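The values are calculated or read from the model by the stated rules, or taken from the named source; none is laboratory data. Keep in mind that what you see is a predicted model, and the values were worked out from it rather than measured. Cβ atoms come from the backbone with ideal geometry, glycine included; neighbour counts cover every protein chain shown. Heavy atoms of the whole protein, side chains included, go into the accessibility calculation; ligands, DNA and RNA do not. Shrake-Rupley method; radii C 1.70, N 1.55, O 1.52, S 1.80 Å.
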Amino acid sequence: METQIIIAVDGFASCGKSTLAKALAKSLDYIYIDTGAMYRAVTLYFLENKVNIKDEPSVMQALDDINIRFQILDKKNTTFLNGKNIEEEIRKMYVSEWVSEVATVSAVRRAMVKQQREMGQQKGVILDGRDIGTVVFPDAKLKFFMTASLEVRTQRRLTELQNQDRSLTPEAVAKNLQHRDHIDSTRDDSPLRQAKDAVVIDNSNITQEEQLAMCLALVNMRIA
Ligand code: DC
């Protein structure tokens, strides 16, 4: 069997992890896995089915009933929950408001990490998330840890959300990003941390093209 190569892209909310991970996957012809979408899918299911995260039996039952799949539709990575396309729904603000709380639940993390490790059994895989380089694949061949200023992240998120809800203010979006970063970094189970061997990328002042070129150069040095 050919050697398996994993690239981990972790970092703060809305700092361009998925943009970089998708661009790298396309350039390298690797599989891309959006692990944040998986926690968002679980959150949507919990909200729709009124699952209380403190009620362990209900959480376990719900996790048994949840099936998450990715498929490329119109050239876009698309998330499916129990056969339904939920890609647009999981990006909405009401899901963002709850996803970090749901991601603190250890049973949820165990179930997602198990699936991520199974999905990662391919030749070349890039995963983006919060704990990929520290917990899911601590032996990943290359790890990026991404960050950007709060202003830049807020602007990016606002642009993404503009088509859905024009009433959103920069203040509300910035508050949600800070709130999620805080919960993600301080939870007991697999908190968001920079892996010791991660390459830090602050993309506040560089273009996507510059970022991709830089990261591809690193891939060539470390992997090829
Ligand atoms: O990448 P994102 O913003 O779509 O992720 C949504 C939330 O999911 C994030 O605030 C925390 C959680 N998450 C996580 O706990 N672990 C991951 N590997 C990916 C996401």
For the stretch 34-70, give me the residue count where each residue is without any contact (Cβ under 8 Å) to a residue 40 or more places away in the chain, more than 16 Å from the chain's Cα centre (by Cα) and more than 16 Å from the ligand (Cβ to nearest atom). 14
Please go through the stretch 146-163 and pick out each residue that is over 19 Å from Ala198 (Cβ atoms), open to solvent by less than 20 Å² (accessible area, probe 1.4 Å) and of a type outside the set (S, T, N, Q). Arg157, Leu161
Could you count how many residues in the stretch 1-33 are part of a helix (DSSP H, G or I), small (Gly, Ala, Ser) and either open to solvent by 10 Å² or more (accessible area, probe 1.4 Å) or more than 11 Å from the ligand (Cβ to nearest atom) (or both)? 4
Within the stretch 165-208, of all residues that are part of a helix (DSSP H, G or I) and either in contact with a Gly (Cβ under 6 Å, 6 or more places away or on another chain) or open to solvent by 70 Å² or more (accessible area, probe 1.4 Å) (or both), the one nearest to Ala13 (Cα to Cα) is Gln178
Given the condition out of contact with any helix residue (DSSP H, G or I) (no Cβ under 6 Å at 6 or more places or on another chain) and under 23 Å from Asp29 (Cα atoms), answer yes or no: does some residue in the stretch 86-105 qualify? yes
